[in-house]
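To start, the structure itself, in structure tokens.
The values are calculated or read from the model by the stated rules, or taken from the named source; none is laboratory data. Model, not experiment: these values are computed from the prediction. Don't worry about glycine lacking a Cβ; one is built from the backbone with ideal geometry, like all the others, and counts go over all protein chains shown.
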Amino acid sequence: MVDAPIPQKPEGAEKLEKQGISELVKALHDHTDPQVRQYAAYLLGQAKSPRAIQPLIEALADFDKSVREQAMLALSAIGKAAIEPLAEAMKEPKWETRYRAAEALGKIADEKAVRPLIQGLRDNRDHVRYMAAKGLHEIGDSDAVDPLIMLLKDENVYVRLMVVHALAALGGKKVNAALTAALESEQEEKVKAAINAALQ
């Protein structure tokens, strides 16, 4: 669980701060000003109410990036109670939702987040695969070793780079053997450098 940083307060912030969960959810869904929606998401995260989880999950698909990010941070602040809904959000059709859900799961850093993040490694969007690998890096669960090894040949260089970091943190003979094999075929210098650093 993480504490979300306080976003810039919009006009009328004091009124929002006095609102209950239902009113904040309405502001999150309906207000035309993204700063207001962002601040409502922040306040819902601070409230840590189970009633806030699903509206925040839906806000992961907001058209405004700052609102999506704040909803992710709010869900991270709520913590373990949000894991199952976030796991379901990893199946949503919009990649932005899956990306932010993976990010929140990594920040919560609980062992129950490992399975949905492993599933995220197979996502068809490289952004989501990257964030799933990053989340697994932050959690550091050995169950992720084999799925991460499979991604050492991912088409996206940044996914491969994050996978190397995640595997390096886990360590072990199997990881070292996989990294050594990957080094022989890797073409990108930054990934090769990361592998060499991991093997030292």
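Below, the figures for the structure above:
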quantity: Those residues of segment 31-89 which are among the acidic types (Asp, Glu) and touching a Lys or Arg at 6+ places or on another chain (Cβ under 6 Å), in sequence order; calculated: 62
quantity: Any hit, segment 122-142, residues being farther than 26 Å from residue 167 by Cβ, buried (at least 22 other Cβ atoms within 10 Å of the Cβ) and β-branched (Val, Ile, Thr); calculated: no
quantity: Enumeration of residues in segment 1-54 that are surrounded by fewer than 17 Cβ atoms within 10 Å (Cβ to Cβ), modelled with pLDDT of 95 or more and β-branched (Val, Ile, Thr); calculated: 21, 32
quantity: Exclusive hit being more than 25 Å from residue 77 (Cα to Cα) and crowded, with 22+ Cβ neighbours inside 10 Å, set 105, 152, 148; calculated: 148
